[in-house]
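Here the structure comes first, spelled out in structure tokens, and everything after it is commentary.
Here, each number is a calculation from the coordinates, and none is a lab measurement. This is a predicted model, so every value here is computed, not measured. Note that we place each Cβ from the backbone using ideal geometry, even for glycine, and neighbour counts take in every protein chain shown.
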Amino acid sequence: MRPQKVEDTELLSSLMEVIRFKGYEGSSLNELASASGLQKASLYHRFPKGKQQIALAVLSFVKEWVHKNIYLVLTDKEITSSERVNTVLENIIALYNNGEKSCILSALSVQSSVELFNAEIKIIMEEWISGFYALGIDCGLEKDNAKSLATTVLISIEGSLIVSKGLGTNQPFLDALTYIRKQYLKQ
């Protein structure tokens, strides 16, 4: 029997969904293999170090996504600030399925796994903040205010996802995006 072939983007997206839903500790290799469409042996062949290597690959995938869909868009001076904000917020809506999906960074930040992944999570969050900081500067904010707002953006999105999940409605997530849009477009 020939080994199953799965494209990297599809594979990493599938693996991310399991970890996003179950967390690192709660995700079994059987569940990861099943979601990926690979046999467990094929999953081990791709990720010989197991679940930790899978999670690091997922974080690398997320880092690339944030760089392309948040950072590069927010720092693109060829388009207007309002276009940047709107495009990034649409990308965030897609990433979190309109607030229905949990954040992978949150799932990997729990106490039991934070030491394993903290360095990668920090890089992703810093780039996210850097992009919104650059946008704030371009919108005329003072450096301190731009940094504070950029950090607040990340807190608003992460927090709203948790609140949305807890309340069973995506309205807090949508309200957070409206707040973010207003903060940058009022400048």
When residues of region 43-84 are limited to those that are hydroxyl-bearing (Ser, Thr, Tyr) and not in a helix (DSSP H, G or I), the one nearest to residue 29 (Cα to Cα): 75
Odd one out for residue 182, checked against (1) without any contact (Cβ under 8 Å) to a residue 12 or more places away in the chain; (2) among the basic types (Lys, Arg); (3) in contact with a helix residue (DSSP H, G or I) (Cβ under 7 Å, 6 or more places away or on another chain): (3)
Among the candidates 119, 94, residue that is more than 18 Å from residue 176 (Cα to Cα), among the aliphatic types (A, V, I, L, M) and under 17 Å from the mean Cα position of the chain (by Cα): 119
Filter pass, residue 89 being in contact (Cβ under 8 Å) with a residue 24 or more places away in the chain, farther than 26 Å from residue 56 by Cβ and aliphatic (A, V, I, L, M): yes
Of residues in region 97-116 being free of Cβ contacts under 8 Å to residues at least 24 places away in the same chain and not in a loop (DSSP other than H, G, I, E, B), the one farthest from the chain's Cα centre (by Cα): 115
Some residue of region 115-132 being crowded, with 17+ Cβ neighbours inside 10 Å, of a type in the set (Gly, Ala, Ser) and closer than 25 Å to residue 168 by Cβ: no
Output for region 133-156, where each listed residue is within 14 Å of residue 182 (Cα to Cα) and in contact (Cβ under 8 Å) with a residue 60 or more places away in the chain: 135
Count - residues of region 105-136 that are over 19 Å from residue 61 (Cβ atoms) and in contact with a Ser or Thr (Cβ under 7 Å, 6 or more places away or on another chain): 3
Residues that are within 18 Å of residue 123 (Cα to Cα) and either loosely packed, with under 14 Cβ neighbours inside 10 Å or aliphatic (A, V, I, L, M) (or both), drawn from region 61-91: 62, 64, 66, 68, 70, 72, 73, 74
Residue satisfying all of: in region 13-41; small (Gly, Ala, Ser) and not in a helix (DSSP H, G or I); surrounded by the most Cβ atoms within 10 Å (Cβ to Cβ) among these: 27
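Are any of the residues in region 120-129 without any contact (Cβ under 8 Å) to a residue 24 or more places away in the chain, under 16 Å from residue 156 (Cα atoms) and not β-branched (Val, Ile, Thr)?
Within region 120-129 (the criterion being without any contact (Cβ under 8 Å) to a residue 24 or more places away in the chain, under 16 Å from residue 156 (Cα atoms) and not β-branched (Val, Ile, Thr)), the answer is yes, since at least one residue qualifies.
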Selection from region 137-162 of residues that are part of a helix (DSSP H, G or I) and either hydroxyl-bearing (Ser, Thr, Tyr) or touching a Ser or Thr at 6+ places or on another chain (Cβ under 9 Å) (or both): 138, 148, 150, 151, 152, 156, 158, 160, 161, 162
Which numbered condition residue 181 misses (of (1) touching a Leu at 6+ places or on another chain (Cβ under 7 Å); (2) buried (at least 16 other Cβ atoms within 10 Å of the Cβ)): (2)
